[in-house]
Structure formats: C-alpha cells, structure tokens
Amino acid sequence: MNKSCLLTTNFSNRDYWQAIVLYGLNAATYKMALATVLLQSARAGESELSWGDLSERYLKEYLTRLETNSQPQQSNPSRLTKMERIVADIKAGKESFDTAVVRVADEAFSDVIPRFHTVGRDSKFAQDTFYTTEFGRKLTLTDALLSLPDVTQLNEEVAARWSLLEGAFVINQSNYDLANSIRDIYLKDGYDRKPLAPTIPFLNGYQGNVCFYCGEALGDDIHVDHVLPRQVLNHDEIWNLVLSHSHCNMLKSDRLVGDHFITKLIARNENIMGSNHPWKAKIASALGATPHKRAKTLQYHYDNVKVAIGVSYWGGAEGYNPSSDPFYRRLITQLNNK
Ligand SMILES: [Zn+2]
C-alpha cells in the first residue's frame, strides 16, 4: 500500500521539483535545460541569476548536449527548436558564441521561464516556488530552490528525463503523421469540457470509495481523472473517468498508464454495466454491446494513445502493486466470474 497518498496536500519542495521536472507531457526539452541550470545555481548557493548568465549557461547546456548526440529536442520531424537552430548556426560558423548568447537571451525564454512551474495543466500549482522573474533582467532564486536536498541525484533525474524525452521524440518523429491523424480524429469527435464534479457520487459507488490508482481510501480529496489523457481523447466520457487522490492524479499527470490500469478500467466499466444506472447505455453505445466488444474498443483507444503520445508508462505510485490492491482483485474476480 502506498502511504504517500495519505499526505495528499503536504508536498515537500522536492515533491514539487520532481512533479515539475519528471511528470507531464513535455513538448520539447526546454524544461530540462532550465532545470539543469537552476540546480547548478542551487549547488553554488546563488540567489540571483542575471539574464546574461542565464542565457550563457542555458546555451552551454544545449551545446554540450548536441555536441555528442543529435537527438531531436521536440516531436515534429519538419521542425527544429530555437535552441537547435542556434546551436546549428554556431556549428556552421554563422554565429559566434557571444552573439548566440544574445540571441538566446532575446528568443529562447518566452515559453520556458513563465511555464516552468506548470504541472500538467495546472499553472498555479507550484507557481514561483523555485524562482521569481523580472523578465529580460533576472531570476531571483528562492530558498526552496537553494535548500533542495540531494542536488546530485536530482541532477541525474533531470538528465535521465532529458534522454527519455529525446528517445520519445525519436519514436514520435518516425510515427509523426500517424500520431497527428489520430489526434485529428479525436479532435473532430470532441466536445467542450464539462464540469466533472457531478460524476463523483456516481463513480464513487462503482469504485468502493477508494482511489483508482493506489487503492487507498479517498476521503474528501477527490479528483476526477481521465485514465487515457484528455488531451488526446478530447472527451469526458464516463468509461474513461475514474476518481483518484489529487496526489495520485498529479503523479500520473498526462502520462499513459500501464496495462494493469487498463485491465482495471475495463473491469470497473463492467461493474457499471452490471447495474441499472442510466449511464450504462452511454457506455454500451460508446464501447459496444458485449463485454468482449467493450474491452476491444477500450484497448483500441489505448493503442491509439500510445501512438499519439509515445510510450512512456506510468505504473502507479511508488510501491503500488496491483496484485495486493483488494479493490483491483475484487473487480477482476467479478469480471472472470461473468
Ligand atoms: Zn491514491
């Protein structure tokens, strides 16, 4: 059982840091470079970073990175990131290091500096935790950054995440057209976001009052989560919605869940199908009339999402084991007895 889920609102600075750096869908590698520069400053105990120093160090990170490998820094095969273009111009002799630093200062930070603290879709979650900004002038680094523990380990995590993103971008680039047409299909079928709170009592009834992801009691801290990321499916259909702790929801972010959660979702949906709730009909019309068809349709969406966002699974919070989750076992037993 995962005890960290009980600490639903007591995040440490390290938790915030890891949520920012390690979770969520990164469209490019900018956050990793900025995180690396911030950790250098934390190690050196600097409380301020001028825009010039920031630009120079940020550029050096990309120069080092792209010197030894030329892995893509974002998903689209026909594009380069700003930093890839600047580094390419230095390598081609079109730009000196010094003029490149100025270009970085002018062009590279409009996304990453304001959005660094965003987790998932939540821009308020950790806002200003690790620095505050006078855009174009300086970053003021906070005590939360300067007092982060295990900076060496955090640095290794950033480096590992950076490599993982590059690996995912390689896969995405080779699948790019397919991934895009899948996103388009879901986008066309999509509709506006609805308030999800009214679904909570209903879902809770089929979820035994426990968090879908960790199996611990839910209490008052309930989030409605899209198992397959909403940013791909673009809908709020009940067959894809579960209840979870905010902590578990944050850990999962927009990532693809492991297979066992799909098996569990199929079982949860069959649990609803075994009742007389009016939404039973909605699930049948979305997924199919028989358990076999429904499982197949859900699997089909899961496979599509894999193609659309790349394969980077989330298997649950640390220590979560589906085979010792009583709710999971009960659902699977029910399903097998049908
Ligand atoms: Zn949980």
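Just one of (1) surrounded by 14 or more Cβ atoms within 10 Å (Cβ to Cβ); (2) under 30 Å from GLN173 (Cβ atoms); (3) aromatic (Phe, Trp, Tyr) fails for TRP279. It is (2). Identify all residues within the stretch 45-61 that are in contact with a helix residue (DSSP H, G or I) (Cβ under 6 Å, 6 or more places away or on another chain) and of a type in the set (Gly, Ala, Ser); write none if there are none. Within the stretch 45-61, SER55 is the sole residue that qualifies. For the stretch 189-199, indicate whether the set of residues that are among the small types (Gly, Ala, Ser), at pLDDT below 75, away from the ligand (no atom under 16 Å from the Cβ) and not in a loop (DSSP other than H, G, I, E, B) is non-empty. Scanning the stretch 189-199 turns up no residue that is among the small types (Gly, Ala, Ser), at pLDDT below 75, away from the ligand (no atom under 16 Å from the Cβ) and not in a loop (DSSP other than H, G, I, E, B). Residue by residue through the stretch 221-240, note down the ones that are more than 13 Å from the ligand (Cβ to nearest atom) and more than 19 Å from the chain's Cα centre (by Cα). Of everything in the stretch 221-240, those that are more than 13 Å from the ligand (Cβ to nearest atom) and more than 19 Å from the chain's Cα centre (by Cα) turn out to be GLU237, ILE238, TRP239.
Quick one: how many residues across the stretch 203-216 are in contact with a strand residue (DSSP E or B) (Cβ under 7 Å, 6 or more places away or on another chain) and either more than 9 Å from the ligand (Cβ to nearest atom) or aromatic (Phe, Trp, Tyr) (or both)? I'd like the intermediate steps shown before the answer.
Going through the stretch 203-216, the residues in contact with a strand residue (DSSP E or B) (Cβ under 7 Å, 6 or more places away or on another chain) turn out to be 203-204, 207, 209-213, 216.
From what is left, the residues that are either more than 9 Å from the ligand (Cβ to nearest atom) or aromatic (Phe, Trp, Tyr) (or both) are 203-204, 207, 209, 212-213.
Selection size over the stretch 203-216: 6.
Taken over the stretch 214-239, the criterion of being touching a residue at least 40 places away in the same chain (Cβ under 8 Å), under 21 Å from ALA308 (Cβ atoms) and not in a loop (DSSP other than H, G, I, E, B) is satisfied by GLN231, VAL232, LEU233, TRP239. When the stretch 241-270 is limited to residues that are surrounded by fewer than 21 Cβ atoms within 10 Å (Cβ to Cβ) and of a type in the set (D, E, K, R), the one that is nearest to the ligand (Cβ to nearest atom) turns out to be ARG255.
Of all residues in the stretch 130-145, which are surrounded by 18 or more Cβ atoms within 10 Å (Cβ to Cβ) and under 25 Å from the mean Cα position of the chain (by Cα)? Show your work before the answer.
At the first step, the residues of the stretch 130-145 found to be surrounded by 18 or more Cβ atoms within 10 Å (Cβ to Cβ) are 130-131, 139, 141, 144-145.
Correct list: PHE130, TYR131, LEU141, ALA144, LEU145.
Got at least one residue in the stretch 271-286 being within 16 Å of the ligand (Cβ to nearest atom) and either modelled with pLDDT of 90 or more or in a loop (DSSP other than H, G, I, E, B) (or both)?
The answer is no; no qualifying residue exists.
Across the stretch 292-305, what is the total count of residues that are buried (at least 17 other Cβ atoms within 10 Å of the Cβ) and not hydroxyl-bearing (Ser, Thr, Tyr)? Explain how you work it out, then say what you get.
Keep residues of the stretch 292-305 that are buried (at least 17 other Cβ atoms within 10 Å of the Cβ), which gives 294-295, 298, 301-302, 304-305.
Those left that are additionally not hydroxyl-bearing (Ser, Thr, Tyr): 294-295, 298, 301, 304-305.
The qualifying residues number 6.
Of the residues LEU49, LEU63, the single one that is among the hydrophobic types (A, V, I, L, M, F, W, C), more than 23 Å from the chain's Cα centre (by Cα) and outside any helix (DSSP H, G or I) is LEU49. Being hydroxyl-bearing (Ser, Thr, Tyr), farther than 26 Å from ILE20 by Cα, in a helix (DSSP H, G or I) and modelled with pLDDT of 70 or more, is that true of even one residue in the stretch 153-170? No, every residue in the stretch 153-170 fails to be hydroxyl-bearing (Ser, Thr, Tyr), farther than 26 Å from ILE20 by Cα, in a helix (DSSP H, G or I) and modelled with pLDDT of 70 or more. Remark: pairs (first residue in the stretch 64-87, surrounded by 15 or more Cβ atoms within 10 Å (Cβ to Cβ); second residue modelled with pLDDT of 80 or more and basic (Lys, Arg); Cβ separation under 6 Å; 6+ apart in sequence or on different chains) = ILE86/ARG103.
Filter the stretch 88-111 for residues that are of a type in the set (Val, Ile, Thr) and out of contact with any Ser or Thr (no Cβ under 7 Å at 6 or more places or on another chain); which is surrounded by the most Cβ atoms within 10 Å (Cβ to Cβ)? Selected residue: ILE90.
The values are calculated or read from the model by the stated rules, or taken from the named source; none is laboratory data. Predicted model only: the values in this text are computed from it and were never measured. Ideal geometry is used to build each Cβ from the backbone, glycine not excepted, and the neighbour counts take in all protein chains shown.
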